[in-house]
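Heads up, the thing below is written out as structure tokens.
The values are calculated or read from the model by the stated rules, or taken from the named source; none is laboratory data. In this text the structure is predicted, and so the values were computed from the model without any measurement. Neighbour counts run over all protein chains shown; Cβ positions are idealised from the backbone, glycine included. Keep in mind that these areas ignore ligands, DNA and RNA; they rest on the heavy atoms of the full protein, side chains included. Shrake-Rupley method; radii C 1.70, N 1.55, O 1.52, S 1.80 Å.
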Amino acid sequence: MKEQTDKKGKVVIVSGPSGVGKSTICEKAVKQLNNAYLSVSVTTRPKAESEVDGEDYRFISEEEFKEQFNKGLLLEHAKVFGHHYGTPKDKVDEALQAGKTVILEIDVQGGKQVKMVYPDSTMIFILPPTQRELAERMSFRAREDAETAEGRLDEAGTEIAAAWQYYEHMVINDDLDQAVKEVVQIIEGSQGQ
Ligand code: 5GP
């Protein structure tokens with residue numbers, strides 16, 4: 001993977017365990033930032049009732065995912081909790097050329113890949129205040145069945161351990177507004193560098 005040296009904007013990677021509130025934080029942060037673009041990933045995961053195709057994700061088939069991957073249309077990709085996820089490259093490139101801050105809400109595997117393409121990416125990891133709080137949030141959102149939710153919780157520890165190694169910023173989502181404020185400050189602070 002070759003870095004694009006002529007880009008004007010910067011990439012921000014936001015990761016964190018399932019249920020930690022990454023999407024809400026990213027949506028709020030993008031509204032508060034000047035000139036930011038929140039990437040919409042493609043996924044083979046089935047759409048939850050609460051989700052909107054084209055807004056939360058572009059929900060695609062395994063075949064379509066394979067095709068996009070083979071054509072080199074994805075900036076990064078990973079298999080997470082049994083489903084494929086990827087970041088469409090064209091939209092990211094377009095936003096970067098336009099000088100925008102591109103926010104990618106992706107997992108740690110994807111974060112590492114993007115950091116290799118864009119070494120000046122800012123990496124932010126969102127942590128829950130406690131493990132118990134994370135479990136409560138997962139059951140409160142009731143997006144997945146109990147077994148899936150349990151599997152995702154089991155993965156949280158592994159993902160947090162990996163994040164300590166790779167992510168330069170850790171933000172605890174104890175109070176939502178405070179967490180959004182911290183994320184916005186980190187992004188604004190990294191833009192001039
Ligand atoms: P969910 O199914 O809860 O929406 O997402 C599951 C995990 O996949 C989360 O950690 C989320 O950040 C990650 N994810 C979402 N989109 C992408 C993507 O495009 N690439 C990668 N690598 N991970 C993604």
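Here is the figure for segment 158-186: residues that are touching a helix residue (DSSP H, G or I) at 6+ places or on another chain (Cβ under 7 Å), surrounded by 13 or more Cβ atoms within 10 Å (Cβ to Cβ) and assigned to a helix (DSSP H, G or I) total 8.
For Thr130, are the conditions met, namely being within 16 Å of the ligand (Cβ to nearest atom), within 18 Å of Gly16 (Cβ to Cβ) and out of contact with any Ser or Thr (no Cβ under 9 Å at 6 or more places or on another chain)? The answer is no for Thr130.
Return the residues of segment 76-109 that are within 13 Å of the ligand (Cβ to nearest atom), within 18 Å of Val30 (Cβ to Cβ) and either in a helix (DSSP H, G or I) or out of contact with any Cys (no Cβ under 7 Å at 6 or more places or on another chain) (or both); say none if nothing qualifies. Talk me through it step by step, then tell me what you get.
Residues of segment 76-109 within 13 Å of the ligand (Cβ to nearest atom): 76-89, 91-92, 102-109.
Imposing the further condition that a residue be within 18 Å of Val30 (Cβ to Cβ) reduces the set to 87-88, 91-92, 102-106.
If the condition is that a residue be within 13 Å of the ligand (Cβ to nearest atom), within 18 Å of Val30 (Cβ to Cβ) and either in a helix (DSSP H, G or I) or out of contact with any Cys (no Cβ under 7 Å at 6 or more places or on another chain) (or both), then Thr87, Pro88, Lys91, Val92, Val102, Leu104, Ile106 are the ones that fit.
Only one residue in Lys89, Lys79 is out of contact with any Phe, Trp or Tyr (no Cβ under 9 Å at 6 or more places or on another chain) and at pLDDT 95 or above. Which one? Don't jump to the end; show me each part of the working.
Working: Lys79 fails: out of contact with any Phe, Trp or Tyr (no Cβ under 9 Å at 6 or more places or on another chain).
Lys89 is the lone residue from the list that is out of contact with any Phe, Trp or Tyr (no Cβ under 9 Å at 6 or more places or on another chain) and at pLDDT 95 or above.
When you look at Ser39, is it of a type in the set (Gly, Ala, Ser), in contact with a Gly (Cβ under 9 Å, 6 or more places away or on another chain) and in contact (Cβ under 8 Å) with a residue 12 or more places away in the chain, yes or no? No, not satisfied. I'd like to verify a number: residues in segment 69-127 that are open to solvent by 20 Å² or more (accessible area, probe 1.4 Å), of a type outside the set (A, V, I, L, M, F, W, C) and touching a Gly at 6+ places or on another chain (Cβ under 8 Å), how many? Final tally of qualifying residues: 6. Which residue is farthest from the chain's Cα centre (by Cα), if the candidates are limited to segment 18-42 and must be closer than 20 Å to Pro129 by Cβ and open to solvent by 50 Å² or more (accessible area, probe 1.4 Å)? Out of the qualifying residues, it is Lys28. When you scan segment 43-51, do you find a residue that is surrounded by fewer than 18 Cβ atoms within 10 Å (Cβ to Cβ), within 13 Å of the ligand (Cβ to nearest atom) and closer than 22 Å to Pro119 by Cα, even just one? No, segment 43-51 contains no residue that is surrounded by fewer than 18 Cβ atoms within 10 Å (Cβ to Cβ), within 13 Å of the ligand (Cβ to nearest atom) and closer than 22 Å to Pro119 by Cα. Quick check: is even one residue across segment 65-74 within 11 Å of the ligand (Cβ to nearest atom), in contact (Cβ under 8 Å) with a residue 12 or more places away in the chain and under 27 Å from Glu136 (Cα atoms)? For segment 65-74, residues within 11 Å of the ligand (Cβ to nearest atom), in contact (Cβ under 8 Å) with a residue 12 or more places away in the chain and under 27 Å from Glu136 (Cα atoms): absent.
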